[in-house]
1. Check Gly15, Gly38, Gly45, Gly8 and return the single one that is surrounded by 18 or more Cβ atoms within 10 Å (Cβ to Cβ), more than 30 Å from Val62 (Cβ to Cβ), free of Cβ contacts under 8 Å to residues at least 60 places away in the same chain and not charged (D, E, K, R).
2. Looking only at region 60-84, how many residues end up being within 21 Å of Thr46 (Cβ to Cβ) and either among the small types (Gly, Ala, Ser) or modelled with pLDDT of 90 or more (or both)?
3. Specify the residue that is modelled with the lowest pLDDT; the eligible residues are those in region 10-56 that are farther than 18 Å from Asp78 by Cβ and of a type in the set (D, E, K, R).
Amino acid sequence: MIEAEITGIIIMLVGFYGLMSKRNLIKIVLSVNIVSVGLVLFFVGTGYIEGASAPIMPGRSVVDPLPAALMLTTLVVDVAITALALTIILRMGREEA
């Protein structure tokens, strides 16, 4: 499924553009999230095999569950890092005021 991989690369490039062009810290954190979502989409797309079944009841060909499990873990870690980064940004704003 090449469409998911190309879409993931395009989303990552949009995130990298945001990282390079924005100076607002909240927009930078959102750009990092966009890069992460593009990366997840890319890896899930590379792990997909058209016509294959889930490995619960193996048939002729099965999809490898490892990329999906790793990307699920990546998304959970990204949410935690985003929450921490936004909390730090808010604290920095309160101390300046």
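1. Gly15 is the lone residue from the list that is surrounded by 18 or more Cβ atoms within 10 Å (Cβ to Cβ), more than 30 Å from Val62 (Cβ to Cβ), free of Cβ contacts under 8 Å to residues at least 60 places away in the same chain and not charged (D, E, K, R).
2. Going residue by residue through region 60-84, those that are within 21 Å of Thr46 (Cβ to Cβ) are 60-78.
If we keep only those that are either among the small types (Gly, Ala, Ser) or modelled with pLDDT of 90 or more (or both) as well, we get 61, 68-78.
Residues meeting the conditions: 12.
3. Selected residue: Glu50.
The values are calculated or read from the model by the stated rules, or taken from the named source; none is laboratory data. Worth saying up front: this structure is predicted, and the values here are computed from it rather than measured. Every residue, glycine as well, gets a Cβ built from its backbone with ideal geometry; the counts of neighbours run over all protein chains shown.
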